[in-house]
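J.: I have a structure here, written as structure tokens, and I will follow up with some questions on it.
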Amino acid sequence: MFRNQYDTDVTTWSPAGRLFQVEYAMEAVKQGSAAIGLRSKTHVVLACVNKANSELSSHQKKIFKVDNHIGVAIAGLTADGRVLSRYMRSECINYNYTYESPLPVGRLVVQLADKAQVCTQRSWKRPYGVGLLVAGLDESGAHLYYNCPSGNYFEYQAFAIGSRSQAAKTYLERRFENFVGSSREDLIKDALIATRESLQGEKLRSSVCTIAVVGVGEPFHILDPETVQQLIDTFEIVREEEAAPAEEEAQPAAEQDAPTDQGAAAADQGAAAAVDQGGSPMDI
């Protein structure tokens, strides 16, 4: 994207029908650290990559608890994410005080989208430069929504946002049909694998990722690093056990190829003898 005469104001349309400042806010989401969400019938799991500005600094918090039944993971400007999560907490408290029941997830997402949309048509405001994955559980079941800076919102079975999230999306697209009937442990395992895919070669450790869970009989909470590391270690053991049978299957195939290799070696020896006698290998 390049600066032009149509991006100085969020209310100025370009001749192509685009609002550049809104697109810039969506680009800020793509530049943020990756956030991943998955849901089954009973649980929703959020995962995010902890990215520090330098080796001397700590990482910024990317997952926030909104209520006992709702939590969010963000990608983009963390400051904007904190403001929106505070707004969501206020809405949940007001609804609970008025109606003495938890705020439905879908209604909160609509209110959040309306708040983001107002910033796209006021010249003295700017769009929020953050994308939110909203995980929640209400009477209609488990939900996972993505709120965009443009004011749009979508419900997903699984989704990933942020930098280097395409690899995680590819994994989720291959596996999403199994998520509906997945257990809590399987859902966390898939979230860890998707997080590892977004790291692109960096070793998966509890210090570089955060996992949060909400489900039936389980209020929204963030797993402590020790628990996450145990889950990662268990996952690595499973991978090694799965790799062992594959190696055993490869050994018989190598033994079957051995006679062929011996025959080829004998042919090479014959060809070499023919060359020594003045002939060419093609004469054999």
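J.: Obtain the nm distance between the two label points defined at N4 and R107 by a simple spin-label model: each point lies 7 Å from its Cα along the Cα-to-C-beta direction.
T.: 4.3
J.: State to the nearest 20 debye the size of the charge dipole of the range 130-229 about its Cα centre, where the only charges are +1 on K and R beta carbons and -1 on D and E beta carbons.
T.: Here the size comes out at about 460 debye.
J.: Ok, one more. Going through the cross-link list K30/K125; K41/K125; K115/K203, which pairs have a Cα-Cα distance over 28 Å in this structure?
T.: Listed pairs above 28 Å: K41/K125; K115/K203.
J.: Right, another one. Given a 1.4 angstrom probe, what's the average accessible area per residue across the range 81-206, in square angstrom?
T.: Result: 50 Å² of accessible area for each residue.
J.: Further question on the same structure: For the range 1-90, what is the charge dipole size about the Cα centre, in debye to the nearest 20, if Lys and Arg each add +1 at the Cβ and Asp and Glu each add -1 at the Cβ?
T.: That gives a dipole near 440 debye.
J.: Return the distance in nm (one decimal) between the two label points of a simple spin-label model at R184 and Q166, each offset 7 Å from Cα along Cα→Cβ.
T.: Placing both labels 7 Å along Cα→Cβ, they lie 3.7 nm apart.
J.: While we're on this one: Using a simple spin-label model with points 7 Å from Cα along the Cα→Cβ vector, what separation in nm is obtained for N94 and S57?
T.: 3.4
J.: Can you pull the percent of the range 24-238's accessible area that's carbon plus sulfur, 1.4 Å probe, other chains left in place?
T.: Heavy-atom surface of the range 24-238 belonging to carbon and sulfur, 1.4 Å probe: 50 percent.
J.: Quick one: grab the alpha carbon gyration tensor of the range 24-238, order the square roots of its eigenvalues as a ≥ b ≥ c, and give me rounded if a/c is under 1.5, else prolate or oblate depending on whether a/b is larger than b/c.
T.: oblate
The values are calculated or read from the model by the stated rules, or taken from the named source; none is laboratory data. These numbers were taken from a predicted model, which means no experiment stands behind them. Neighbour counts run over all protein chains shown; Cβ positions are idealised from the backbone, glycine included. Accessible surface is based on the protein model in full, side chains and every heavy atom, while ligands, DNA and RNA are left aside. Shrake-Rupley method; radii C 1.70, N 1.55, O 1.52, S 1.80 Å.
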